[in-house]
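One structure is given below, represented as structure tokens, and several questions about it will come after.
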């Protein structure tokens, strides 16, 4: 049962509901029993006080006539078998005694003067398993020899019997109520969890081929709507990831197929007939270019795989971004001159990071900007130190990227213009690698394009301990 309650929400909830109901019933039972007992106590007090008034009246109206007092008191107690009366004179002699109970001396010692509108304390004791309640008073007159100590006791056996029967009935009613509450709690919980079961059935039908299925978030209980929305959002992300993975697999197969087909074709052609050593050497040089392209592609894919799984932990040292950008400019200066594109650098900044990884990211951005710049324009790189962050903007003038393509420029093997030559643009992994490097350095990269300009914006945590560098244009 304990194991079941740990696994089943229905059982656990109904058990908890039953436990709470049991606590409520027990508290109510004690309160009701205490209230009934208090009622009996007040009822006995009223009876005892009434008889005290009668005894007092008899004693005060017939002073000195003991026989008459005993006769009147006997008549007054006819039909009251549950009452016991003891009257003693000031001298200690018993004037009158009646009833089945022997009133102990302790009750007489607790006797108090009878004062109007004053509650007398109820004294209790047990005799032969029977409980008694009693009151004791002193009744005094102006005559010293006419003072009495009066005690009247009542047998509470009928009260105890009634309470015993009442407790048994209360226990049976409580047990029946608990059983009913447990059953209703189980049914209510099971009914309340039906939307979860429906959601589970929908979720069971979702597969890689049916990712379009969604949970009905608007038709479920308010408490389950956040779960349904979160599940649907997860399916959206999975669907998007699956689509990207499918496209990536297709692109990867295409990218690998091209150089492999080239290698196979060139090898088959070279083996078709005997050739000179120079011709074979030319084929091997051509094959070497394809092998180098495959090696770069494989290395880039390994880099991305490590970065996506958090395995690329950079060796963080202070890095002067200005010097890194200038080094990249020196490398691409010839390519920029060939395309009639000038390279300009403005500002300075420093970050904590891996110099080689950051230079690779900057190189990819500058290379991309140079390739897509129009002749007689400039590639502008601006460095802005804005503590506690550092910003770098790479801007070029050229073809505008369509808005629907902006979010995909960082995808692997993605090209905004599929008609461009692959040999010129590479494998299409540069921007994906750049984003992985920036994210590994706890930064973020975005792109915007419009009015003939394309800008890549990079935000990185700054390195405040490095001294400021002079600003100059390159």
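Spot the failing condition for residue 73; the list is (1) more than 30 Å from residue 187 (Cα to Cα); (2) buried (at least 17 other Cβ atoms within 10 Å of the Cβ); (3) in contact (Cβ under 8 Å) with a residue 60 or more places away in the chain, and only one is missed.
For residue 73, the exception is condition (3).
Can you tell me how many residues within segment 352-368 are modelled with pLDDT of 90 or more and touching a strand residue (DSSP E or B) at 6+ places or on another chain (Cβ under 7 Å)?
The number of residues fulfilling the criteria is 2.
Would you check if there is a residue in segment 106-116 being over 26 Å from residue 36 (Cα atoms), touching a helix residue (DSSP H, G or I) at 6+ places or on another chain (Cβ under 7 Å) and modelled with pLDDT of 80 or more? Working first, answer last.
Applying the first criterion (over 26 Å from residue 36 (Cα atoms)) to segment 106-116 yields 106, 108-116.
Retained after the next criterion (residues that are touching a helix residue (DSSP H, G or I) at 6+ places or on another chain (Cβ under 7 Å)): 114.
Then drop every residue that is not modelled with pLDDT of 80 or more, which leaves none.
No, segment 106-116 has no match at all.
Those residues that are without any contact (Cβ under 8 Å) to a residue 24 or more places away in the chain and over 32 Å from the mean Cα position of the chain (by Cα), I need them from segment 172-208; list them, please.
The answer is 172, 173, 175, 176, 179, 180.
If you check residue 97 against the conditions, is it without any contact (Cβ under 8 Å) to a residue 24 or more places away in the chain, surrounded by 13 or more Cβ atoms within 10 Å (Cβ to Cβ) and farther than 30 Å from residue 36 by Cβ?
When the stated conditions are applied, residue 97 passes them.
Check every one of the strands (runs of 3 or more DSSP E) wholly within segment 81-140 and list those with 2 or more residues that are over 60 Å from the mean Cα position of the chain (by Cα) and in the same structural domain as residue 46 (by TED's automatic domain parsing). Lay out the reasoning, then the answer.
Working: elements: 83-89, 94-98, 123-127, 130-139.
It comes to 83-89, 94-98, 130-139.
From the list 395, 444, pick out the single residue that is in contact with a strand residue (DSSP E or B) (Cβ under 8 Å, 6 or more places away or on another chain), at pLDDT 85 or above, surrounded by fewer than 15 Cβ atoms within 10 Å (Cβ to Cβ) and closer than 20 Å to residue 359 by Cα.
After applying the criteria, what remains is 444.
Another question, if that's okay. Tell me which of these residue 185 doesn't satisfy, since it passes every other one: (1) surrounded by fewer than 16 Cβ atoms within 10 Å (Cβ to Cβ); (2) part of a helix (DSSP H, G or I).
The single condition residue 185 does not satisfy is (1).
Sticking with this structure for a sec: For segment 270-281, state whether one or more residues are in contact with a strand residue (DSSP E or B) (Cβ under 6 Å, 6 or more places away or on another chain), surrounded by 15 or more Cβ atoms within 10 Å (Cβ to Cβ), assigned to a helix (DSSP H, G or I) and modelled with pLDDT under 90.
no
The values are calculated or read from the model by the stated rules, or taken from the named source; none is laboratory data. Values in this document were obtained by computation on a predicted structure and should not be read as measured data. We place every Cβ from the backbone using ideal geometry, glycine too, and count neighbours over all the protein chains shown.
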